[in-house]
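Okay, structure first, notes after.
Read-outs: derived from the displayed coordinates by stated rules, not from any lab. Keep in mind the model is a prediction, meaning the values are calculated, not measured. Glycine also receives a Cβ, built like all others from the backbone with ideal geometry; neighbour counts cover every protein chain displayed.
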């Protein structure tokens, strides 16, 4: 386990998360006849980043926030995290590359003085949180003494509960002096830092994780968390493992990717550590395992089609708050991929389908907006194929009954008309 780590949030990152974290559960719900629920009771993708984009481009700001600072993060780490393409950029081959470099900027100051190294740390606190499901990333770790890559999660109540009461789930950590070993750990109140509870996984045959890509994952449910590497399970933790201490894995968490340099656990780089060092991420994917009892647990992800076979679409594929929602020719883009979930939200591009101003008035436009848990963002999909806003008790409606490309969507009293019927593809 990560026995040498004191805590993992930085002061700068903590302030950012307090001010911007989205409080939004992501366990999914679809109402309707039992046959529909059975069809939906499968694992469905709820969020992902495949890192497809031009070489040298920045990580998608609609999905990731890059942190900055050189506080040491409570572990005496040596790097300064920067929001820079020199430290985090796409490689043009479908990967995100986090690069740790020797620092050349004399203006950067770390907890110990002039910074020796720069690197990157990314989180989804502003854009995506989820409680329960399957979380995985395909990663090639760096190599060398003092390297500390990690794929992990923190509770979205970090700003109010504080660490470790908000909880931490470390999906994968590797320290350079153990090239063939990764660690999975949970941290919470009374079992944090050196008291974290976890286990390690060792590659067979003396292989090193830096030699190739591997898939690191957890499967998280209300009663247990299970870790795996390349599909092979190596530990499961339940409340019974905590010795009576509090199980705090009952609310949404957000994702973090980072590459630290040095610190109390890995130790400092030595003469044999070459720079730059890279952590290469092929993808990050999150899904929610469906259930078939009652109205809870089932998931649907895909296109939402309306009158004329047209798709519900985020105008311009923008992730900005208040972006209008419209009908558009179906093209399969992410702006037309919607997830209906057990928290009642309908999501695309990491944000929620929202009734403007939380109005209940006929003709109020719908928009994309940061998920906030209000009833203006609560929807139910019925067996009659209505998509009904809970706050207004009105149906998603196509303005003027039109099927034309670019027709705005709104809420209106449910009438059973064709322009209020929606099919989940």
Contour excess over end-to-end distance, with Cα ends at residue 45 and residue 238 and 0.36 nm allotted per residue
67.0 nm
Taking Cα pairs under 8 Å and at least six residues apart, what relative contact order does the chain come out at, in percent?
20 percent
Given the Cα-Cα distance of residue 111 and residue 52 and 0.36 nm per residue of separation, how much length would full extension add, in nm?
17.7 nm
Expected sort for 347-353, 321-327 on mean C-beta neighbours within 10 Å, highest first, is 347-353, 321-327
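Among 268, 119, which comes first, second and so on when ranked by fewest other beta-carbon atoms within 10 Å?
With the fewest neighbours first, 268, 119 line up as 268, 119.
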To the nearest 10 degrees, the tilt of helix 11-20 (Cα long axis) against the first principal axis of the alpha carbons of the chain is 0 degrees
Taking only Cα atoms of the chain, radius of gyration then Dmax in Å:
22.4, 73
Sort 356, 126 so the one with the fewest other Cβ atoms within 10 Å of its own Cβ comes first.
356, 126
Compute the separation of the alpha-carbon centres of the range 316-362 and the range 254-282 and state it in Å as a whole number.
38 Å
Length-normalised contact order of the range 303-424 in % [C-alpha pairs under 8 Å, at least 6 apart]
27 percent
Where the Cα atoms of the range 196-355 are projected onto their three principal axes, how long is each span, largest first, in whole Å?
63, 44, 30
Calculated [θ] (222 nm, deg cm²/dmol) that DSSP helices of n ≥ 4 give over the chain, each run adding -39,500 (n - 2.57)
-1000 deg cm²/dmol
What is the fewest-to-most order of 192, 318 by other Cβ atoms lying within 10 Å of their Cβ?
318, 192
